[in-house]
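Undergrad: Next up is a structure, given as structure tokens.
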Amino acid sequence: MRCTRCLEFAEEVEQLRQRLAASGQFVAYSPGPNPNPDVERELSRWLAVHPRADAATGFRAGWARLARFVRPKLCEWEARWWRMARENDRVRGRLGIALREISRLTDRG
């Protein structure tokens, strides 16, 4: 049975391996994170460390663990959304200027 700190340390080591691999540095082989975690395995892993926990504590722990995996992707999507919103504002501004110029030129003629 491993303690909570051991599990957290193992996760942190795995994240560091991934960051090193992304930067092109040598990393010992690791299968990487599982995008489809085995829920039963995760539950048994957590219960081994917290054998007397109640359902509410387990529920909160499960959501907290899921959030660690999902948060980076959500942050990336949010950043993309804000970039597109700024781009839309720029395009609308340029379109408005172009329409005013067209209107000015047609009113003269």
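Undergrad: Regarding segment 66-73, can at least one residue be identified that is farther than 29 Å from Gln18 by Cα, out of contact with any Phe, Trp or Tyr (no Cβ under 8 Å at 6 or more places or on another chain), open to solvent by 90 Å² or more (accessible area, probe 1.4 Å) and part of a helix (DSSP H, G or I)?
TA: Our first condition is that a residue be farther than 29 Å from Gln18 by Cα; within segment 66-73, this holds for none.
No: zero hits.
Undergrad: Also: So how many residues does segment 1-53 have that are within 23 Å of the chain's Cα centre (by Cα) and either closer than 22 Å to Pro72 by Cα or modelled with pLDDT under 70 (or both)?
TA: Total meeting the criteria: 31.
Undergrad: Return yes when Arg94 is open to solvent by 90 Å² or more (accessible area, probe 1.4 Å), out of contact with any Phe, Trp or Tyr (no Cβ under 6 Å at 6 or more places or on another chain) and part of a helix (DSSP H, G or I) and no when it is not. Talk me through it step by step, then tell me what you get.
TA: Numbers: open to solvent by 90 Å² or more (accessible area, probe 1.4 Å): yes; out of contact with any Phe, Trp or Tyr (no Cβ under 6 Å at 6 or more places or on another chain): yes; part of a helix (DSSP H, G or I): yes.
Against the criterion (open to solvent by 90 Å² or more (accessible area, probe 1.4 Å), out of contact with any Phe, Trp or Tyr (no Cβ under 6 Å at 6 or more places or on another chain) and part of a helix (DSSP H, G or I)), Arg94 qualifies.
The values are calculated or read from the model by the stated rules, or taken from the named source; none is laboratory data. What you see is a predicted model, and the numbers here were worked out from it, not measured in a lab. All Cβ positions, glycine included, derive from the backbone under ideal geometry; neighbour counts span all protein chains shown. Just the protein is used for accessible areas: all its heavy atoms, side chains included, with ligands, DNA and RNA removed. Shrake-Rupley method; radii C 1.70, N 1.55, O 1.52, S 1.80 Å.
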